[in-house]
Amino acid sequence: MTTIRPATEADLPAILAIYNDAVVNTAAIWNDDIVDLDNRIAWFRTRTGQGFPVLVAVEGDRVLGYASYGDFRAFQGYRFTVENSIYVAGDARGKGAGSALLAALVDAARAQGKHMMVAGIEAGNDVSLRLHAKQGFVETARMPELGFKFGRYLDLVFLQKTLD
């Protein structure tokens, strides 16, 4: 059974492996370079230091995926809007961890008094688009050729969910 809980620094090696796999093998993260553990430690400390959750989906001792949200944009007018990030290990995809993580993120954002959650998803990522749609996210924008990875331009789809 999959359990969702707050991540700890002990989870960071697993989070690192999931992150780097997504960098190398998917268009979910628009970076070309993998990162090291120090990078994920700094990311975790910054995110949690700002009061944002970092959650993990676990089965037993194994981290299946992780999720967080942060500021949508760094301007005061956006203080009630957050953007989510959800990543699941390749062999754990399609088994419910992503759905459970997204539901927990939505609950956390509501508890923090957030008004809107945004997801920015590569247009070809049908699994993530469907995951968000099933949980009430609505497509609000498509931006063609906004990013570049794997030798091609990528389209970005924005989805939103009102939380209150």
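Structure values in brief
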read-out	value
Test: residue in region 1-11 that is surrounded by 13 or more Cβ atoms within 10 Å (Cβ to Cβ), closer than 24 Å to Ala123 by Cβ and touching a Leu at 6+ places or on another chain (Cβ under 6 Å)	no
Long-range neighbours under 7 Å by Cβ, at least six apart or interchain, first residue on the phi < 0 side of the Ramachandran plot within region 31-47, second in a helix (DSSP H, G or I) and among the hydroxyl-bearing types (Ser, Thr, Tyr)	Val35/Tyr19; Arg40/Tyr19
Residue in region 105-120 that is in contact (Cβ under 8 Å) with a residue 60 or more places away in the chain and under 12 Å from Ser85 (Cα atoms) present	no
Residue selected from region 1-30 under the condition free of Cβ contacts under 8 Å to residues at least 24 places away in the same chain and in a helix (DSSP H, G or I), by the criterion farthest from Ala103 (Cα to Cα)	Val24
Qualifying residue in region 116-126 (condition: crowded, with 18+ Cβ neighbours inside 10 Å and polar (S, T, N, Q))	no
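For every residue, the table says whether it meets (1) among the hydrophobic types (A, V, I, L, M, F, W, C); (2) under 24 Å from Glu122 (Cα atoms); (3) surrounded by 14 or more Cβ atoms within 10 Å (Cβ to Cβ).
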| site | (1), (2), (3) |
| --- | --- |
| Val24 | yes, yes, no |
| Val35 | yes, yes, yes |
| Asn39 | no, yes, yes |
| Phe44 | yes, yes, yes |
| Gly49 | no, no, no |
| Glu59 | no, no, no |
| Gly77 | no, no, no |
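Readers should treat all values here as calculations from the given coordinates under stated rules, not as data from a laboratory. In this text the structure is predicted, and so the values were computed from the model without any measurement. Methodologically, a virtual Cβ is constructed for each residue, glycine included, from the backbone with ideal geometry; neighbour enumeration extends over all protein chains shown.
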